1. Could you order peptides 91-100, 343-352, 190-199, 287-296 by the average number of other Cβ atoms within 10 Å of their residues, highest first?
2. Treat the count of other C-beta atoms within 10 Å as a stand-in for reagent exposure and order W286, W247 from fewest to most.
3. Pairing rule first: another cysteine's C-beta must sit under 4.7 Å. Under that rule, which cysteines of the chain stay single?
4. Output needed for the chain: three equivalent-ellipsoid semi-axes, defined as square roots of 5 times the C-alpha gyration tensor eigenvalues, in descending order, whole Å.
5. Using θ = phi - 60° and the Karplus curve 6.51 cos²θ - 1.76 cosθ + 1.60, what whole-Hz ³J(HN,Hα) does each residue of the stretch 130-140 get, with Gly and Pro shown as x?
6. Counting each pair of different Cα atoms once, what's the Kirkwood radius of the stretch 218-310 in Å, rounded to one decimal?
7. Assign one of three labels to the stretch 284-356, namely rounded, prolate or oblate, based on the Cα gyration tensor with a ≥ b ≥ c the square roots of its eigenvalues; rounded applies when a/c is under 1.5, prolate when it is not and a/b is larger than b/c, and oblate otherwise.
8. Straight-line reach from K405: which lysines fall under 16 Å, measuring Cα to Cα and dropping same-chain residues less than 8 apart?
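Please treat every number below as a calculation from the coordinates, not as lab data. This one's a predicted model, so the numbers in the text were calculated from it and none came from an experiment. Cβ placement follows ideal geometry from the backbone for every residue including glycine, while neighbour counts extend to all protein chains displayed.
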Amino acid sequence: MTLWLHEARLLLRQRLAVIALALLAVLTVASLVAGMAEVSRQRAAIAAIPAAQAEDIGAIAAWVDKGKDAGSAAYYSFHPTWDAPSPLAFAALGMRDVSPYILRVRALGLEAQIYDGDTFNPELALPGRFDFAFVLVFLAPIFVIALCHDLTSGEREAGRWRMLVALPQGGAALWRRRSLLRLGLLWATMAVPFALCAVISGVNAGAILLILALIAAYLLFWLALCALVGRLRWSSVANAASLAALWLVLVLVLPTLGNVAINRALPVNQGAEIALAQRETVNRAWDIPREETMRRFYANHPQWADSPPLGAEFHYKWYFAFHQVGDESVAPQVRAYRQGLEARDRAARSLGWVLPSVGVQALLTRMARTDLTAQLAYRDSIRAYHRQLREFYYGYLFRDRPFGKADFDRAPRFPGQT
């Protein structure tokens, strides 16, 4: 214990070490505060939905109640959906920073509504937002390099290495103490603020312990790289330059090249193309016989086929029918788009087994439920809810039932809405 305390005193006398630890602490705390503030803002936006929705629906209901028109109720009513952040989302915002977490939908064609908000650009979002995951993956290795690049080379250049090797508990034991001491201080600088924020956010103990172990493992990987470079017996400057180059390659260059390679090997059309194709089908319905649209609709929805035939006047059931036909026309593209995204995600996770920086970030976003899997699950919940909305309004439209103010309260609500 005396040797460890002595090494700690020597380390804390080094201005560079103190500055590095202090700066890492500031960056860690700043990232956690920023992440918690963003999650708090998102939760506040979600919490404000019921009041705004009640006001909006109240105004529409007062107007629709005069004519009892179910088509107008379905056309003008927006229904909110949302993806609430998980307790751990503050640490790794992931796709919540680039994909919508609130979407108001109507009973009209859904695909255009979903993909109008599909603004995710993986090239622009590659580095990620300034959150705890960013500090751990991108910045923490720099501090490991700063504190550990000259553990042996510095002693050689100062002419003390032979003497230190000859001392009891010197040599390899001395290097292990100094390395583990630096690793422990760097780990504590990041782990303690994270653990406090995680406890405040209600993260379960198992997840906290796993991430604390992940922090230690990632820092240990960079410490091992420092040790390997140190064994080459280069100068401290050469060690620092080599490790900086490794950081650049392992954290920035190779993940970027890997992302580009995955995108080229697994081409995926943009969601906007699906929205455009759906709109083209919808717009075409105005130029073809209405009976053709209704035949296509009834073929997939036979439960409504006994609806009274269309008259000469406009009827909303035809309007909603061709929107649904438009959705169904792009269903193969939607499946291909999803399969392409999932294939890219699997390839990126496989890359994480080779590149620790990619693997750590992928694991953090998976645990925080802010990855692609969580985003696709949210879209699935929107589709399931939209199906309930359509069936609800179809019961009025295809049976020519009047729709009054009281019927608005019978509309399906998104899971979690009171």
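1. Details: 91-100: 22.9, 343-352: 16.9, 190-199: 18.7, 287-296: 14.0.
Averaged packing, sorted descending, gives the order 91-100, 190-199, 343-352, 287-296.
2. On the way: W286 10, W247 19.
Ascending Cβ contact count within 10 Å gives the list W286, W247.
3. Among the cysteines of the chain, those whose Cβ sits 4.7 Å or more from every other are C197.
4. Details: eigenvalues 714, 104, 36 Å².
Working through the eigenvalues yields semi-axes of 60, 23, 13 Å.
5. Ordered by residue, 3J(HN,Hα) equals 6, 9, 4, 4, 5, 5, 5, 6, 9, 9, 4 Hz.
6. Working: mean 1/r = 0.0514 Å⁻¹.
Kirkwood hydrodynamic radius for the stretch 218-310: 19.5 Å.
7. On the way: a/c = 5.15, a/b = 3.70, b/c = 1.39.
Prolate is the answer for the stretch 284-356, as a/c is 1.5 or above and a/b outweighs b/c.
8. Once the sequence-local lysines are set aside, what remains near K405 is K66, K68.
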